[in-house]
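The values are calculated or read from the model by the stated rules, or taken from the named source; none is laboratory data. Not measured: the values here are computed from a predicted model. Reconstructed Cβ throughout: ideal geometry from the backbone, glycine too, with neighbour counts over all protein chains shown.
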Amino acid sequence: MSSSNSAWLRGFGLTICLSILAFTACQDEVPITSNPTGKVEQRLLGDWTSADGKEKLKLRRLDDSTYIVYYDGDLFRAYHSDLGDTPFASVQDVNSNDRKYAFVVWKLSDVGSYLRLRNVSDKVIPRETKDSATIVALLTKNAGNPELFGEEIEFRKEK
């Protein structure tokens, strides 16, 4: 993977929660990784608005490696679940009783003013998948599969 692709994917927005709501994201009972693979990135923290102005997202730091995401009245917990050079995030819906996880990748612009998110499709990671090792194996195996990710959504950072 080239460094520009890696940079495109590097970043993590708790905006991940938006992907859960906006797309048919993969929703599983377990995260990609059981523990965070990176620390909170300061440039991701703040208030974000979708390109069409209809969606609002707030990313906050819970601790050194966990984000709290507020989106459309719902709360999510998110953390980095990087695999190789791909910056995945595990995003847990803490407002629901089942507390399932969604998986996303993200890209933060060089100046930090735009955030792009893509969810992991349940076409590649079946909802029936019950363990992190299988999820990691499927993500690794399908890294080049164009059906791995869903539609991209872009957010602009508010001043």
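Pairs meeting the criteria (first residue in segment 121-135 and part of a loop (DSSP other than H, G, I, E, B), second residue hydroxyl-bearing (Ser, Thr, Tyr), beta carbons under 7 Å, at least 6 apart or on different chains) are 122/24. For segment 82-93, a residue qualifies if it is within 15 Å of the chain's Cα centre (by Cα), over 12 Å from residue 40 (Cα atoms) and either modelled with pLDDT of 90 or more or not charged (D, E, K, R) (or both), and the qualifying residues are 82, 83, 86, 87, 88, 90, 91, 92, 93. The single condition from (1) closer than 18 Å to residue 33 by Cα; (2) outside any strand (DSSP E or B); (3) not charged (D, E, K, R) that residue 91 fails is (2). Filter segment 42-57 down to the residues that are outside any helix (DSSP H, G or I) and without any contact (Cβ under 8 Å) to a residue 60 or more places away in the chain, then identify the one that is nearest to the chain's Cα centre (by Cα). Of everything passing the filter in segment 42-57, 45 is nearest to the chain's Cα centre (by Cα).
Of the candidates 69, 94, 104, the single residue that is exposed (fewer than 15 other Cβ atoms within 10 Å of the Cβ) and aliphatic (A, V, I, L, M) is 94.
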